[in-house]
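What follows is a short report on a single structure.
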């Protein structure tokens, strides 16, 4: 029977890595909640994945070590062995008397570690996705410019974004003051720039290329380039590939183009008739 292995995080960062950058990567790529980061780096071992073959365990261990995490791999068969070694008698020492409260709440840290293990057991696909060499798709409602958007993710975000924008504009013009509309336009510009930048990252281009989107003579060609250009299949300067999104954005976009083509001619004829009627009236 093939031996199985457990990959564990020792709770320490490999010397030479910036601990703040390591914590940020762990929060983004392993999806560890921000409030549980201190417990994750408490210095106590945390098993991340069990029952792995040697090759899978080595692959996962190497990838996590590239993030700066100090990892260890242990054989589960060796862990199950027990040896009859007598334990030394406990050494009794007087407890120091202090009036200060212990700054480390060890029970709280243990509870947080248990919560991390519970969430990891409920969502093993997070580690599986990491093993597959992919990062998580950046969240839609966020101000972070880190990560990549594939073509489908970009189109889906674009369709959702402008759909919500159109609805908000209609509601704001009917019920809300002008100041709210101005704030909405500013947020719209920031969100559209972010979507473009994440898509440019997938093509391994700097986010500064988004300037071409605001040049009237080039914006349409630039938008088509961003929509159709395939992204890097491997890890690039801005991260690893992300899973492609569903096709609903493309279908909605095609449906809108089809409806626009069907109703374009009737709307043009109606506008011409109305213009002719108004001209006769003023004569």
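Readers should treat all values here as calculations from the given coordinates under stated rules, not as data from a laboratory. Note that the structure is predicted; figures quoted are calculated from it, not measured. Virtual Cβ from ideal backbone geometry, glycine too; neighbours counted across all protein chains shown.
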Would you check which residues across segment 197-238 are without any contact (Cβ under 8 Å) to a residue 40 or more places away in the chain and in contact with a helix residue (DSSP H, G or I) (Cβ under 6 Å, 6 or more places away or on another chain) and list them?
-> 200, 209, 210, 212, 213, 218, 219, 222
Scan segment 143-172 for residues that are surrounded by fewer than 16 Cβ atoms within 10 Å (Cβ to Cβ), more than 19 Å from residue 206 (Cα to Cα) and under 16 Å from the mean Cα position of the chain (by Cα) and report the count.
-> 0
Within segment 25-44, count every residue that is free of Cβ contacts under 8 Å to residues at least 40 places away in the same chain and surrounded by 15 or more Cβ atoms within 10 Å (Cβ to Cβ).
-> 3
Taking segment 23-46 as the search range and keeping residues that are outside any loop (DSSP other than H, G, I, E, B) and under 16 Å from the mean Cα position of the chain (by Cα), which one is nearest to residue 240 (Cα to Cα)?
-> 29
